[in-house]
Every structure is written in C-alpha cells, then in structure tokens.
Amino acid sequence: MRAVTKAAADRGIAYVQDAPEPKAGDGEVVVEVAAASLCGTDRECYEWSPAAQAFNLNIPTVLGHEGAGTVIEVGPGVTNLRIGDRVAMESHLVCGQCFPCRTGDAHACERTRILGMHIDGVFAERVAVPQDICVPLPDAVPLETGALLESAGVAVHAVQRAGYAVAGRGVVVSGAGPVGMVVAHLAQLMGAAYVIVVEPNSFRRAQAERLGVITTEPSEAVVERSRELSGRRGGADVAFECSGAAAALPPLFDAVRTEGTVVTVGHPSRPVPVDIAAHINKKGITLRGIFGRRLWETWEQTLLLMSSGRLDLDWLITHRLPLSRAEEAVGLLTGDACKVLLVPGLG
C-alpha cells in the first residue's frame, strides 16, 4: 500500500509503496481514503520542530490527520457504520473517562491521542480507525470537502469560544491560512460589521479579499484601521489569532477595544509575553484559547451550516497532489497555496 510515513525522529518524510495493509480491529473500520488535507502541523512534523516533538509521535507512523473516505471493512463490535458509508474523521482520540471527557470537554481530554501521530494516519490509500472518530457525511457533501471539515471545525470552535460574538461586531483575524479564512468567512456570514484579515502573503490576502473582507499586511496600521472603523468604541470587539506567529499576538491586544475578546488558535513555536496589567487587568480583555474541535458540538454545527448551503469550503482547495508528491505538498504550505490535498487516487 502506498503511504507517507515519518520513519525517524529527524527532518523529512518518506513515500513508500509497501506499507502494511490496515486491518479492522475490535471497534474499528477500514476507510479507503479519498482525500487527505495538509495543515501546519504536518509541516512541523516534516521539519521535526520542537512543536512536533512535543506531540511525542509514535514513530514510525503514517502521517496525516485530516481526511475523508469510504468504509470498506467493518471490524467486530462496530455498531453504527456499514461498508459503503462515507465518512470524515476527527483527529483526536479521547479516553472518555477523564474529568474533561466526563464533563463535556472531551476536546481537552487528558489522554488525547492523535490520528497520524499516535496511530497510523490518512496519508495513505487506506487507514484503520476507531468507529468513534468517524463522522458520517451528508449526501450533499463531497468526499474532498469532507477532508476539509476537521480544520474548518477549528474555525467553528474559535467562533463558539468567542461566544458567537461576531454578529454586528468588529472582527480582526490574524492569519489567512485555511482556519483564518474560515473564521473570516463565518464572521461575514454571521453579519460582522467589518472583518480585517492580517496576512503577510499576497496570494492569501488576495484570496481573503474575495470574501469581501478588508485585508492588510502585519503593521501598526492594523491597530489604526481597527480604531478608525470602530469609532468611539476604540477598537474591534473580537480578534482571532490563527497564524501561530509569535509576533502576531501582542498587536491584537491593542487592536481590540476595552473589554474586548482575543481568541488564540495558532500554536506559537515559542512562549509569547502578555502584559497582564495593561491588557487583562486594566483593559479587561478576555483571552481564550482553543485546541481542536469541541466534541461533538463543533462537528454538528459545521455539518448543519454545510447542509443548509450557508457554508461552502471548496474554494479553499488550491492544489491536489498524489501521495508521491507529499514533500512538494509540504513545501506549498508556506507558499502561494491555501488548502493542499493529497489524493491517493491520483496515482
């Protein structure tokens, strides 16, 4: 079987054509992967950065945690899936027993394992996964679109974490990668007064502009523009940091108004200082963070938006490549691209 693996604890990945065929164990299904999407974490795994090392990958492993496909084998104990079902996959495998899991916060499970890190992932022709992480797709949702739902769910979670406080509000989004783009798109759909997207890459800024938002490069002008648009409110109501760039977070505290909200989505590669006295105490800013998707509220919200026709994600896809070009796909993540798909069927 063809697959993309992380074979050693150093920089790089390997494309292989003789990966073991997955088998459906107890409570598992085998999914024929139709499409798998790359994200910044895959780049970190390629570079073997400190951020990747912190995940404690189970090496060797097949990479990839964003994917969709068709169930082709059902293991013992599977009760809610059948051969032929079309599914997307949640990447977080939770224990179901710890305090967060038992109190509605499974996204913060104390023993989270991750698809493509701790069990073989979706950068392969086929993958065996627990039935519990499979999300049946509505008939109207194509499989390629299903591969985008995991990352789109991060954006939905970010808006949820902000208390849905985007309607009629001023919104700043830092980073026009796929998650930031969906946050901006959702804010527009929900009736934001204005949305400013901050992005250094001109290709991504142009993509964001097609959503009808205001775009700008990172600079002091972000704060000025936010205050200009908000008038006597003194700044945006809510800001989302989606880039993971360490330098991107501090300006957002100046761009939002007193008693505003900042939601952090991206994972900086180093600690970021926060002026507690100036921003949290005196300015009263609420700082909130998210990790993954809220299980399973985020998935239900995302599927409802898609089924209604309100949320479209296909415009995010800029590249489709075969598994054999995975290294090129990783390189595109820092270039002129948005969502890059690995499509096993391309050969």
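The values are calculated or read from the model by the stated rules, or taken from the named source; none is laboratory data. Computed from a predicted model, the values in this text were never measured in an experiment. Neighbour counts run over all protein chains shown; Cβ positions are idealised from the backbone, glycine included. Remember, those area values only see protein heavy atoms, side chains included, never the ligands or the DNA or RNA. Shrake-Rupley method; radii C 1.70, N 1.55, O 1.52, S 1.80 Å.
Each of the peptides 95-106, 269-280 was scored by the mean count of other Cβ atoms within 10 Å over its residues; in descending order, highest first, they stand as 95-106, 269-280.
Among the trypsin sites (Lys or Arg not before Pro) in region 262-321, those placed in a DSSP loop whose Cβ has at most 16 other Cβ atoms within 10 Å are 310. Close amide H contacts of residue 114 (hydrogens built in the peptide plane, cut-off under 5 Å, sequence separation of 5 or more or a different chain): 93, 119.
With contacts taken as Cα pairs under 8 Å and at least 6 residues apart, region 99-185 reaches a relative contact order of 17 percent. Here region 145-268 is treated with +1 on each Lys and Arg Cβ and -1 on each Asp and Glu Cβ, and its dipole about the Cα centre works out to around 260 debye. Compared with the direct C-alpha span, the chain from residue 98 to residue 18 gains 25.0 nm at full extension, assuming 0.36 nm per residue. The charge dipole of region 73-130, taken about its Cα centre with unit charges on the Cβ of Lys, Arg, Asp and Glu (plus for the first two, minus for the last two), comes to roughly 100 debye. Of the beta bridges in the chain, as assigned by DSSP with both residues counted there, near 55 percent are antiparallel. The GluC sites (Glu not before Pro) found in region 109-148 that occupy coil by DSSP, while having at most 15 further C-beta atoms within 10 Å, are 110. Overall, region 161-222 carries a charge dipole of about 200 debye about its Cα centre when +1 sits on the Cβ of Lys and Arg and -1 on the Cβ of Asp and Glu, all other atoms neutral.
Figure note: 73, 32 ranked by solvent-accessible area, largest first, 1.4 Å probe, ligands and nucleic acids not counted: 32, 73. For residue 6, the aspartates and glutamates whose Cα comes closer than 15 Å to its Cα, not counting residues fewer than 8 places off in the same chain, are 18, 42, 44, 47, 120, 327. Please label the shape of region 161-239 as rounded, prolate or oblate, based on the square roots a ≥ b ≥ c of the eigenvalues of the alpha-carbon gyration tensor (a/c under 1.5 means rounded; beyond that, a/b larger than b/c means prolate, else oblate). Oblate, because a/c is 1.5 or more while a/b does not exceed b/c. In loop segments of region 170-269 as defined by DSSP, the GluC sites (Glu not before Pro) with at most 16 further C-beta atoms inside 10 Å of their C-beta are 220.
The length gained on full extension between residue 132 and residue 26, counted as 0.36 nm times the residue separation minus their Cα-Cα distance, comes to 37.0 nm. Tell me, what is the percent relative contact order of the chain, built from C-alpha pairs under 8 Å that lie six or more residues apart? Once normalised by length, the contact order is 18 percent. Each helix, a run of at least 4 DSSP H residues, gives -39500 (n - 2.57); summed and divided by the residues of the chain, these come to -7000 deg cm²/dmol at 222 nm. Listed by chain and number, the aspartates and glutamates whose alpha-carbon sits under 20 Å from that of residue 283, ignoring those within fewer than 8 places in the same chain, are 220, 224, 228, 237, 241, 254, 259, 275. Comparing 67, 286, 103 along the charge dipole axis of the chain, the residue lying farthest to the positive side is 286, per the Cβ-charge model.
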